[in-house]
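Below: the structure, in structure tokens.
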Amino acid sequence: MGSTKTVAIIGAGIAGIAAALRLRKQGFEVTVFEANAYAGGKMSELYTNDFRFDKGPTVLTKPEYVEDLFQLFGKIPSDYWQSHPVEPIFKYFFEDGTVINSSRNQERFSEEIASKTSTSAASILKFLKEVEKTHQLTDEVFLQRSLHKFKNYLDWPTTRGILNFGKVDVFRSMNKANEQRFSDQKVIDIFNRYASYNGSNPYWAPATLNVLAHYEITLGTYFSEGGIYSIIDALTDIAEEVGVRINYSTPAQEIVQSGNRATGLRTQNGTEHFDIIVSNVDVYNTYKQLLPNFKAPKRFLKQPRSSSVIVFYWGMNRQFPELGLHNMFLSDDAKAEYKHLFELNEPFDDPTIHMTISSKMNAKDAPKGYENWSALISVPHNSGQDWDEWIRVSKRNVIAKLNRILKTDIEPHIIFEDVLDPRKVNEETNAAFGAVFGNASNSMFSAFLRHPNFSSKIENLFFCGGTAHPGPGIPLCLLSGKIASELIAEKFVPDN
């Protein structure tokens with residue numbers, strides 16, 4: 001490689017840390033610049049009043065992607081971090097008292113649904129086989145590599161993927177596909193909820209997104225020992241061990257250019273030269289804030305933004321044995337809920353609640369006999385709404401729904417509260433408009449419309465993270481860091 005090349009990574013989110021580790025393994029000198037006093041980006045934590053909460057993603061799939069980063073350096077992953085299968089995966093609660101437990105055991109899950117709904121076990125098993133096939137056809141082609149390099153379309157896996165494009169269910173919506181598969185609205189609603197995992201609308205988004213059920217159910221869902229944030233702690237530990245430098249409380253102010261080449265980074269400490277820049281910042285804000293003199297690509301910046309969230313972090317002074325690690329209290333009218341969310345731009349009075357209680361598996365997250373509840377609902381991204389009023393209304397609706405289904409009064413048991421809303425999402429993670437997932441995935445071409453992992457206009461500028469290819473969520477962000485690092489190694493490391 002000649003003289004050692006230097007890389008600046010803007011943002012210590014999980015994609016930025018993954019890219020830093022992979023580039024360090026390739027021999028680059030890597031410096032990470034993080035605006036916050038802690039790493040993790042959207043994967044942060046709240047620790048107060050003897051309660052600990054994970055902020056950001058709470059569902060973990062594909063833990064082997066995390067383990068890969070330790071194995072790069074010959075480390076034993078379990079020396080740093082461990083995960084355990086979750087069973088049941090989710091507990092789904094309905095207004096009529098029905099509770100459905102999802103499971104990695106396909107026969108158990110299909111029989112559970114058949115015993116509590118009008119949907120047959122056979123239709124569930126068939127669905128899981130279909131989405132497994134979707135995964136096989138899309139994983140290598142659309143997730144494991146750049147979609148924006150012509151050479152990647154000249155091999156058999158890609159050709160096979162293109163020839164089977166119709167088989168990955170892009171031509172009908174997720175809801176339409178699920179209505180045609182299943183006879184019971186409860187089952188349709190359960191599988192439609194996977195659209196919310198990347199901030200999309202199942203009535204618009206392609207049925208390809210049903211592949212998320214394969215990740216969560218067939219491949220399995222895991223609990224990160226110590227909580228989701230322990231992943232970040234472990235990765236930053238090994239990053240520092242192998243010589244990655246992380247500068248906290250040091251926000252990037254500008255990507256410095258010379259002509260059409262990125263040449264450095266300006267921070268509060270001055271301007272520093274780097275051979276390569278990797279932005280793990282929201283793509284929209286990368287252009288708007290860090291490249292003020294560059295004409296931003298409108299086709300990326302004008303795409304519809306994803307939804308956001310309101311999360312109530314509640315410390316509860318009692319335990320609820322009927323609840324599990326992951327719980328979902330589903331709306332009685334999902335179609336109306338999504339219409340309010342994506343068309344009317346206002347809160348719905350019967351929101352679906354995604355509740356995580358990490359103290360169910362990590363007792364240290366709450367005092368003995370207590371629980372830590374993270375009650376999340378989807379809301380539109382920030383476009384100037386009266387969020388204080390929306391929080392007030394949403395809290396009332398969430399408590400009312402939980403009271404109805406759990407047949408109790410939870411409010412007297414809330415002894416601690418903190419709230420996350422789109423304004424805080426923007427403030428704490430620099431997510432444009434507080435859109436948790438960047439752009440929405442509401443069209444069949446969404447995968448192709450995400451920003452590439454490199455700039456075609458600014459040489460030596462690369463991108464990773466949930467707003468770049470292949471998208472949001474822990475597994476995809478880890479792949480994003482991998483793809484960006486591979487593109488850099490291909491350009492700068494001999495024999496790559």
Filtered residues of segment 100-111 (kept if open to solvent by less than 40 Å² (accessible area, probe 1.4 Å) and assigned to a helix (DSSP H, G or I)): 106, 109, 110
Subset tally (residues that are in contact with a strand residue (DSSP E or B) (Cβ under 8 Å, 6 or more places away or on another chain) and either open to solvent by 20 Å² or more (accessible area, probe 1.4 Å) or of a type outside the set (Phe, Trp, Tyr) (or both)) for segment 258-291: 22
Per-region count, segment 375-387, residues open to solvent by less than 10 Å² (accessible area, probe 1.4 Å) and in a strand (DSSP E or B): 3
Residue in segment 292-314 that is assigned to a helix (DSSP H, G or I), open to solvent by 10 Å² or more (accessible area, probe 1.4 Å) and free of Cβ contacts under 8 Å to residues at least 24 places away in the same chain present: yes
Filter result (open to solvent by less than 20 Å² (accessible area, probe 1.4 Å), in a loop (DSSP other than H, G, I, E, B) and more than 23 Å from residue 118 (Cα to Cα)) within segment 187-238: 199, 200, 201, 205, 220, 221, 227, 228
Failed condition for residue 312, given (1) at pLDDT 95 or above; (2) of a type in the set (Phe, Trp, Tyr); (3) within 30 Å of residue 260 (Cβ to Cβ): (3)
Residues being open to solvent by 40 Å² or more (accessible area, probe 1.4 Å), touching a Lys or Arg at 6+ places or on another chain (Cβ under 9 Å) and in a loop (DSSP other than H, G, I, E, B) - total across segment 239-251: 0
Residue match in segment 77-95 (condition: touching a residue at least 24 places away in the same chain (Cβ under 8 Å), open to solvent by 50 Å² or more (accessible area, probe 1.4 Å) and basic (Lys, Arg)): no
Pairs where the first residue, in segment 5-25, is touching a residue at least 40 places away in the same chain (Cβ under 8 Å) and the second is part of a helix (DSSP H, G or I) and of a type in the set (S, T, N, Q), C-beta under 7 Å, 6+ apart: 15/480; 17/236; 19/485; 22/485; 23/485
Checklist (1) of a type in the set (A, V, I, L, M); (2) crowded, with 20+ Cβ neighbours inside 10 Å; (3) closer than 20 Å to residue 325 by Cα applied to residue 410, failing item: (2)
Residues being among the hydroxyl-bearing types (Ser, Thr, Tyr) and either over 21 Å from the mean Cα position of the chain (by Cα) or open to solvent by 70 Å² or more (accessible area, probe 1.4 Å) (or both) - total across segment 315-338: 1
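The values are calculated or read from the model by the stated rules, or taken from the named source; none is laboratory data. Since we're looking at a predicted model, the values are computed, not measured. As a convention, Cβ positions derive from the backbone with ideal geometry for all residues, glycine included, and neighbour counts pool all protein chains shown. Ligands, DNA and RNA are excluded from the accessible area calculation, which covers all protein heavy atoms including side chains. Shrake-Rupley method; radii C 1.70, N 1.55, O 1.52, S 1.80 Å.
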